[in-house]
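Each remark here refers to the structure printed beneath this line.
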Amino acid sequence: MGGAWAARKSANQDGVSTRLPSTAIAAMQRINPERIRAHVRFLSHDLLEGRGTGARGGDIAAEYMATQFELAGLKPAGDNGTYMQRVPMVGVTPEPQTTFSFVPNKGAALNLKPLEQYVAYDETQQPHSEVDAPIVFVGYGIDAPEYKWDDYKGVDVRGKVLLMLVNEPPSDDPQFFKGRALTYYGRWTYKYEEAVRKGAVGAILIHQTEMASYPWEVVRNSNSGEKSFLKLENAPVLKVASWINFDSARALSEMAGLDLAQMLNNARSRDFHPVEMPVKLKAHMVSKVRSFASNNVIAMLPGSDKRLKAEAVLYTAHYDHLGIRPDMPGDNIYNGARDNATGCGIILEVARAYSDALQRPARSILFAAVTAEEQGLLGSEYLGKHPPIPAGKISLDLNFDDVPPLGAPEEVEVSGAERTTFYSVVTVMAKTFRLAIRPDARPEAGHYYRSDHFSLARVGIPSFSINEGLKYKGHDIEWGQTQADEYTAKHYHQPSDEYSPDMDFLGDAVIARFGFALGWMAATQLKEVGWVKGDEFEAARVKSAGE
Ligand SMILES: [Zn+2]
């Protein structure tokens, strides 16, 4: 990396300088791929049993991260002067006694079959809930003032069950829900949250393969058995958070004397108005509720400036993975070497570099190894709700997740960075590192909303993940694509995502150095990083600044 870094005196025509002080460069250059390897080898060892959330192996991984932060000389920034921030969670399993029926004003009820026709969770974290309420079709269920789109039109839906479509109204116009790219309004999590904000007791999402971009099997598999949630903190939630398959949606519309195709069509219009159906959802929700806890591991390096040290730059990586499956024959340990021992190794090396530097940046630097990412970004969600420094004072979050050990990258992915006022620094820094920026190949898939940085963005912190692209030194793009496809098909979330001595961690070190350099710039520059005007997270930033 030394060679590429020699071109460090870099400034573009806009006068954006990415020049680091020599002490920072010296510290950065000591970031060592072999040390990242050592962390990955340990964290993905069979003895850690796949680092399951709430399991012994996960807790050992957390202790390891805390110990490494301590050895690097960082201060604890968790609960009560420790490195640990306790994350209380509950596991909810729907029981077979649960019933879910459509009951028309006239005629026979329709009882849906679990998993085959519907999936549903009770978010109240209680063993029993009853719902007997009219169903209101609310189209896409979106209320987005910035796109002048409101599916509710002021209709009172309190106490009702909302039937809605996933995704967002289709358009190629970049000014309208960002064109083909998915905004948060299209994600199923938004639909549930908006239903709660409107005072509904339940939500039913209609599954359509082409709209959701995944088949019913995916919905079914990720909504069967125990599902984890953060322990409720007095927030209202849904008694029924559910999906139905397309055939059941058709049956429901026929029961109401409506035409499903026509309903879907009407939903595409700005003039859409909610339709109360002459059908009720009658649901008897029975759940097994289990409380457990895990920890985020948080460490801090105080800044050098008397005033700015109250602000911070944050680095995150999840340490949890899928654990072990005792009932599975053969190798049943989900070691998670790439996902995400690599990200952990990277933030540990970044932490060491900051700590070793002879000079400190003005702002403080926070490191958080978060838990329960694989359970739905729960550890980072808790961190966002309970940050060690107020969210409005955290300038930037840089996240690392699943960074391939494939050698020297010539491309970097920073999707979401373009949403922030920091992007000019990112582009110039990438040039300095001789890394081309690879754009998001599938913005319609909404990847930005599926990784830990998103939990921080939601509370207003400008956030993005840093990863390698597809082009590696000595190989063409096709080679990189083949590696990526093979990983997805054969190893992603499989027991075979394990450590091997022939892994090459040079790329992980390059990503760590790039992340270090960006974080240093953000921690030193006069102004805090913000969102580009009009970005969907701008409002959250304004709100957190006032708190
Ligand atoms: Zn991951």
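The values are calculated or read from the model by the stated rules, or taken from the named source; none is laboratory data. Note that this is a predicted model, so its numbers are computed, not measured. Heads up, the Cβs are rebuilt from the backbone with ideal geometry, glycines too, and the neighbour counts pull from every protein chain shown. Heavy atoms of the whole protein, side chains included, go into the accessibility calculation; ligands, DNA and RNA do not. Shrake-Rupley method; radii C 1.70, N 1.55, O 1.52, S 1.80 Å.
In segment 11-144, a dipole from Cβ-located charges (positive for Lys and Arg, negative for Asp and Glu) runs towards its positive end, and of GLY139, TYR83, VAL16 it is VAL16 whose Cα lies farthest in that direction. Could you work out how much longer the chain between ASP247 and ASP150 gets when fully extended? Use 0.36 nm per residue separation minus the Cα distance between them, nm to one decimal. Full-extension gain reported as 32.2 nm. Using a/c under 1.5 as the rounded threshold, could you call segment 366-411 rounded, prolate or oblate? The axes a ≥ b ≥ c are square roots of the C-alpha gyration tensor eigenvalues, and prolate needs a/b larger than b/c, oblate otherwise. Since a/c reaches 1.5 but b/c is at least a/b, the shape of segment 366-411 is classed as oblate.
Taking a quarter of the surface of the convex hull around the Cα atoms of segment 336-463, what do you get in nm²?
About 8.8 nm², averaged over all directions.
Suppose R0 equals 35 Å. What FRET efficiency, 1/(1 + (r/R0)^6) with r the Cβ-Cβ distance, do GLU276 and ALA539 give to the nearest 0.05?
The value I calculate is 0.70.
Based on protein heavy atoms only, segment 407-547 ends up with 43 Å² per residue of surface accessible to a 1.4 Å probe.
With only Lys, Arg, Asp and Glu charged, each at its Cβ (+1 for the first two, -1 for the last two), find how big the charge dipole of the chain is about the Cα centre; round to the nearest 20 debye.
That gives the chain a dipole magnitude of about 1540 debye.
Considering only TYR315, ILE477, VAL275, the residue lying farthest towards the positive end of the dipole of the chain is TYR315, judged by Cα position with unit charges set on Cβ. In this structure, the amide hydrogen of GLU413, modeled 1.01 Å from its nitrogen in the peptide plane, lies closer than 5 angstrom to those of ARG438, ASN467, GLU468, GLY469, counting only residues at least 5 positions away or on a different chain.
Against the chain, whose longest principal axis comes from its Cα atoms, helix 56-71 is set at around 30 degrees. Across all Cα pairs in segment 283-399, the calculated P(r) in 10 Å bins from zero up to the longest distance comes to 12, 35, 28, 15, 7, 2, 0 percent per bin. Placing a label point 7 Å from the Cα of HIS475 along the Cα-to-Cβ line, the residues of segment 501-518 whose backbone N sits under 14 Å from it are 502-508. Measuring against 25 Å, Cα to Cα, the residue pairs LYS231/LYS527; LYS148/LYS227; LYS198/LYS543; LYS385/LYS431; LYS198/LYS288 contain LYS231/LYS527; LYS148/LYS227; LYS385/LYS431; LYS198/LYS288 as the ones spanning a longer distance. Translational diffusion coefficient of segment 285-343 (Stokes-Einstein, Kirkwood radius from Cα pairs, 10 °C, 1.306 mPa s): 100 µm²/s.
Using only Cα atoms, what is the ratio of the radius of gyration of the chain to 2.2 N^0.38 Å? Here the answer is 1.00, to two decimals.
A crude spin-label estimate for the pair ALA181 and SER22, with each label 7 Å from Cα along the Cβ direction, gives 4.1 nm. For THR82 and ASN105, a Förster radius of 56 Å and the Cβ-Cβ distance give a FRET efficiency of 0.45, rounded to the nearest 0.05. In this simple spin-label approximation, GLU70 and SER224 carry label points 7 Å from Cα along the Cα→Cβ vector, and these lie 4.3 nm apart. Is any residue of segment 109-150 close enough, with backbone N under 14 Å, to a label point placed 7 angstrom from the Cα of GLU418 along the Cα-Cβ axis, and if so, which? No residue passes the distance filter. Projected label points at GLN29 and GLN359, each 7 Å from Cα along the beta carbon direction, are separated by 1.5 nanometres. Rounded to two decimals, the Cα radius of gyration of segment 246-352 over 2.2 N^0.38 Å is 1.99. Seen from a random direction on average, the alpha-carbon convex hull of segment 433-547 projects onto 9.9 square nanometres. Which parts of segment 359-392 would a label at SER291 reach, counting a residue when its backbone N lies under 19 Å from a point 7 Å out along Cα-to-Cβ? Label zone hits: 379, 382. Counting only Cα atoms, segment 214-286 measures 39, 30, 27 Å along its principal axes, largest extent leading. Its Cα gyration tensor gives segment 398-449 an equivalent ellipsoid, and the semi-axes of that ellipsoid, as √(5λ) in whole Å with the largest first, are 18, 16, 10.
Would you mind putting 482-493, 25-36, 382-393, 215-226 in packing order, based on average other-beta-carbon counts within 10 Å, highest first?
Highest to lowest by the protection proxy: 382-393, 25-36, 215-226, 482-493.
Taking only Cα atoms, what is the 0 to 90° angle, nearest 10, from helix 33-43's long axis to the longest principal axis of the chain? For helix 33-43, the angle is close to 40 degrees. The listed peptides 262-271, 405-414, ordered by packing as a protection proxy, come out as 405-414, 262-271 (highest mean of other Cβ atoms within 10 Å first).
Classify segment 21-94 as rounded, prolate or oblate from the Cα gyration tensor: take a ≥ b ≥ c as the square roots of its eigenvalues, call it rounded if a/c is under 1.5, otherwise prolate when a/b beats b/c and oblate if not. Verdict is oblate for segment 21-94.
Secondary structure note: in the chain, about 60% of the DSSP beta bridges are antiparallel. Counted over all Cα-Cα pairs of segment 59-131, pairs farther apart than 15 Å make up 71 percent.
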